[in-house]
Amino acid sequence: MPATVLIGCQWGDEGKGKIVDLLGERTDWVARFSGGPNAGHTVKVDGETFILHLIPSGILRPSVRCVIGNGVVVDLDHLVEEIRTLESRGIRVAGRLHLSGAAHLLLPYHRWIEEAQRQDVRVGTTKRGIGPVYQDKMGRCGIRVEDLLDPDRLRRRLREELERVEGTLRGAGARLPRPRAEIARRWSRRYAEIGRHLAGSIGDTTDRLHRALARGERVLCEGSQGTFLDIDHGTYPFVTAAATTAGGAATGLGLSPRQIGRVVGVAKAYTTRVGNGPFPTQFGGRFGDRFRRHAGEFGATTGRPRRCGWLDLPMLRQAVRLNGIDELVLTKLDVLGGLPEIRVAVAYRIGRRRLTLPPTDPGLWERCRPEYVRLPGWRGDLAGARRPADLPPAVRRYVARIETWTGVPVRLVSVGSGREEIVRMPRSRGSISS
Ligand code: IMP
């Protein structure tokens, strides 16, 4: 059975965690393929809220096995804490979590470098050290999860890297917080201990997934961040440091593109972004502040206020093309209730040019003015809707227009944060809602 990939269509925070949890009902494996603790997936189950940063949201379904793939960067202190928190809340992790030996370790010095070099300020990052750890990976001087299993090698590698990091920090006018030898000694001990603790989970996750697919098991590849934070296809340089688009699922897990059978795109019914960079449909002034408060748009990882704006179709069309999206999931539709009118950007204008897809140059993107279509709003709370017929006609029209504009069917509409607050739209055979 081919794998399904789930991707965010915008700048992250589309509500992927809830959808992964929902699809987890009919999935054997959930595998994360990129990013690290910069992600924040919020899932509400029976009134309880879980925020996951590293472990795939599938962990909340007891029968699902989870993979942290080679494309992910792993902050060990964070991972241990997340496992502890889940287990203390009755979620069994041991035996269900498989961690790729080829994943890179995100160490505290990656955060120190990010701040010393002010990468966080330029890009508006999550300050988790994501840029520097992927720099080390590409610079071929990273330390990987499998190094944890060989304490001598781990000690040697930490000593070597700390020497290099000390030089980098000095170049940026900063210093290590403690003497280098002391840090190396402490970390060698601590991380080797974590390695012993996690040893049963560490292994060749590519092999595990290939075998699972060969047995006919269902694999869901969980994207993190969103299409336009992709290092190549996003609004560079205001992006994360990894591949967030569907192709990243192949390289970040070691699957072949032929093993990916379906791509599901998750989009909010409007648009949000945290961090710097272009955002043509962004709300300004007091409306923007009111909307953010009403929608609860504050970052799950950093608590930062998210910038909010209307749905942007040039972006959505591009996300459909880049990822090969077969089906869309529309989230947070309930938030738009009560507005007298809803706008959707159907194209951009730059001077006399009309663009129906975003430009690759973020400088140009910054200058794009949205061309809006105005649609009637709707009254009433959608949270109780469970069937398409429960949705007001204006909502159904909004959804139908999105399908026409993107050429992709909307299969699920989320109308609240709870697991059950979902409407399955009419479907064709084999769709995700089957
Ligand atoms: P970094 O991934 O921490 O390096 O941040 C790079 C950019 O991606 C910044 O604009 C962040 O705000 C954004 N970003 C990273 N992770 C997420 C996420 O999970 N949701 C939304 N934005 C994110």
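The values are calculated or read from the model by the stated rules, or taken from the named source; none is laboratory data. All of these numbers come straight from a predicted model, not from anything done at the bench. Reconstructed Cβ throughout: ideal geometry from the backbone, glycine too, with neighbour counts over all protein chains shown. The protein model used for the area step is the full one, side chains on, heavy atoms only, and it has no ligands, DNA or RNA in it. Shrake-Rupley method; radii C 1.70, N 1.55, O 1.52, S 1.80 Å.
If a residue counts only when it is within 16 Å of the ligand (Cβ to nearest atom), which strands (runs of 3 or more DSSP E) contained entirely in the stretch 47-145 have at least 2 such residues?
Strands (runs of 3 or more DSSP E) meeting the threshold: 48-52.
State all residues of the stretch 360-398 that are open to solvent by 40 Å² or more (accessible area, probe 1.4 Å) and in contact (Cβ under 8 Å) with a residue 60 or more places away in the chain; if no residue qualifies, say none.
The answer is Glu366, Arg369, Tyr372.
Applying the selection to the stretch 281-301, what residues are within 16 Å of the ligand (Cβ to nearest atom) and open to solvent by less than 60 Å² (accessible area, probe 1.4 Å)? Write out each step before concluding.
Taking the stretch 281-301 first, the residues within 16 Å of the ligand (Cβ to nearest atom) are 282, 292, 295-301.
Within the stretch 281-301, Arg292, Ala295, Gly296, Glu297, Gly299, Ala300, Thr301 meet the criteria.
Might you let me know whether the stretch 343-358 holds any residue that is more than 19 Å from Cys308 (Cβ to Cβ), at pLDDT 95 or above, open to solvent by 20 Å² or more (accessible area, probe 1.4 Å) and not in a strand (DSSP E or B)?
yes
Being under 16 Å from the mean Cα position of the chain (by Cα) and open to solvent by 10 Å² or more (accessible area, probe 1.4 Å), is that true of even one residue in the stretch 267-274?
Step one: list which residues in the stretch 267-274 are under 16 Å from the mean Cα position of the chain (by Cα), which gives 267-268, 271-274.
Still in the running and open to solvent by 10 Å² or more (accessible area, probe 1.4 Å): 274.
Scanning the stretch 267-274, I find at least one residue that is under 16 Å from the mean Cα position of the chain (by Cα) and open to solvent by 10 Å² or more (accessible area, probe 1.4 Å), so the answer is yes.
Here's a check for you: in the stretch 2-21, which residue that is in contact with a helix residue (DSSP H, G or I) (Cβ under 9 Å, 6 or more places away or on another chain) and in a loop (DSSP other than H, G, I, E, B) is farthest from the ligand (Cβ to nearest atom)? Break it down into steps so the answer makes sense when it comes.
The first filter runs over the stretch 2-21 and keeps only residues in contact with a helix residue (DSSP H, G or I) (Cβ under 9 Å, 6 or more places away or on another chain), leaving 2-12, 16-21.
Filter once more, keeping what is in a loop (DSSP other than H, G, I, E, B): 2, 9-12.
Working: Pro2: 26, Cys9: 13, Gln10: 9, Trp11: 6, Gly12: 3 Å.
Once the filter is applied, the top-ranked residue is Pro2.
Take the residues of the stretch 215-266 that are closer than 17 Å to Asn38 by Cβ and of a type in the set (A, V, I, L, M): which is surrounded by the fewest Cβ atoms within 10 Å (Cβ to Cβ)?
The first filter runs over the stretch 215-266 and keeps only residues closer than 17 Å to Asn38 by Cβ, leaving 222-231, 234-245, 248, 252.
Filter once more, so that each one left must be of a type in the set (A, V, I, L, M): 229, 231, 239, 241-243.
On the way: Leu229: 28, Ile231: 18, Val239: 23, Ala241: 23, Ala242: 27, Ala243: 23.
The qualifying residue surrounded by the fewest Cβ atoms within 10 Å (Cβ to Cβ) is Ile231.
Taking the stretch 22-44 on its own, how many of its residues are more than 16 Å from the ligand (Cβ to nearest atom) and in contact with a Leu (Cβ under 6 Å, 6 or more places away or on another chain)? Quick ask: steps written out before the conclusion?
Pass one, the stretch 22-44, residues more than 16 Å from the ligand (Cβ to nearest atom): 22-31, 44.
Cutting the leftovers down to in contact with a Leu (Cβ under 6 Å, 6 or more places away or on another chain) gives us 23, 27, 30-31.
Matching residues across the stretch 22-44 total 4.
Gly17: without any contact (Cβ under 8 Å) to a residue 60 or more places away in the chain and within 16 Å of the chain's Cα centre (by Cα), yes or no? Show your work before the answer.
Values: without any contact (Cβ under 8 Å) to a residue 60 or more places away in the chain: yes; within 16 Å of the chain's Cα centre (by Cα): yes.
The answer is yes for Gly17.
Go over the candidates Thr240, Thr271, Thr227 one by one and state the one that is in contact with a Cys (Cβ under 6 Å, 6 or more places away or on another chain), within 16 Å of the ligand (Cβ to nearest atom) and among the β-branched types (Val, Ile, Thr). Give the steps one after another, and end with the answer.
Details: Thr240 fails: in contact with a Cys (Cβ under 6 Å, 6 or more places away or on another chain); Thr271 fails: in contact with a Cys (Cβ under 6 Å, 6 or more places away or on another chain).
Going through Thr240, Thr271, Thr227 in turn, the sole match is Thr227.
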